[in-house]
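Data first, discussion second: the structure below is written as structure tokens.
The values are calculated or read from the model by the stated rules, or taken from the named source; none is laboratory data. From a predicted model like this one, the values you see are computed outputs, not experimental measurements. Because the Cβ atoms are built from the backbone with ideal geometry, glycine has one as well, and the counts that use them run over all protein chains shown. Side chains included, ligands, DNA and RNA excluded: accessible areas come from the protein's heavy atoms. Shrake-Rupley method; radii C 1.70, N 1.55, O 1.52, S 1.80 Å.
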Amino acid sequence: MRGFDQLNKAFDSRVRIGLMSILIVNNWVSYKEIKNLLDVTDGNLASHIQALEKISFLKIKKQFIGKKPLTTYKVTENGRKAFNEHINGLEKLLMK
């Protein structure tokens, strides 16, 4: 069926769809900002971030601002391509 072949199992979760949506339209986004936007627990968000990092869909940058740690995230080109294909697949399914 047209559209199903474009769906990516990596985006089966609402948290991952939300996370990728945030990263697609922004450059580097902080952990705290993502957590607040998605309204999820630390453990839940961390596991989804780890899964997407493992398949090279996002980059992580850790730094210090003064003495405070700051972790930010950015979508990779592979992640952008996979997410866009997934969204296109969903759109094809909805147009039927």
*Within the set of pairs 6+ apart or on separate chains, which have a first residue in segment 74-88 that is open to solvent by less than 50 Å² (accessible area, probe 1.4 Å), a second that is at pLDDT 95 or above and basic (Lys, Arg), and C-beta atoms under 8 Å apart?*
VAL75/LYS59; THR76/LYS59
_What's the number of the only condition in (1) open to solvent by 100 Å² or more (accessible area, probe 1.4 Å); (2) in contact with a Gly (Cβ under 7 Å, 6 or more places away or on another chain) that ASN36 fails to meet?_
(2)
